Amino acid sequence: MDVNKLKIVMKEKKLTQRKLAELSGVSAGVLSRILSGIYQQITIQTLIRIADALEVLIDDIVIRKWRNND
């Protein structure tokens, strides 16, 4: 997850950590650890919940690394 992207979207949508936790169903403690960078590997289910609550695509809040098959 790209924490900076997540924080930008939260700011744009005027959402606090508490409100995002409420909307997403992700506990405030887990969300706090995600935003502080403590949790680096997040389940797809958690990503979906957060993206859905923010009304964005998962791609809007994650860093994608593409493999080069050359």
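Number of residues in segment 1-16 that are surrounded by fewer than 16 Cβ atoms within 10 Å (Cβ to Cβ) and on the phi < 0 side of the Ramachandran plot equals 10. When I34 is tested against (1) farther than 13 Å from M1 by Cβ; (2) open to solvent by less than 80 Å² (accessible area, probe 1.4 Å); (3) assigned to a helix (DSSP H, G or I), only condition (1) is not met.
Filtered by the rule that a residue be more than 11 Å from the chain's Cα centre (by Cα) and assigned to a helix (DSSP H, G or I), segment 46-70 gives no residues. Of all the residues in segment 7-31, those that are part of a helix (DSSP H, G or I) and under 12 Å from the mean Cα position of the chain (by Cα) number 10. What about E12, is it closer than 15 Å to L57 by Cβ and of a type outside the set (K, R)? Criteria met by E12.
The values are calculated or read from the model by the stated rules, or taken from the named source; none is laboratory data. This one's a predicted model, so the numbers in the text were calculated from it and none came from an experiment. Please note: Cβ atoms are built from the backbone with ideal geometry, for glycine as well, and neighbour counts cover all protein chains shown. Heads up: the accessible areas ignore ligands, DNA and RNA and are worked out on the full protein's heavy atoms, side chains in. Shrake-Rupley method; radii C 1.70, N 1.55, O 1.52, S 1.80 Å.
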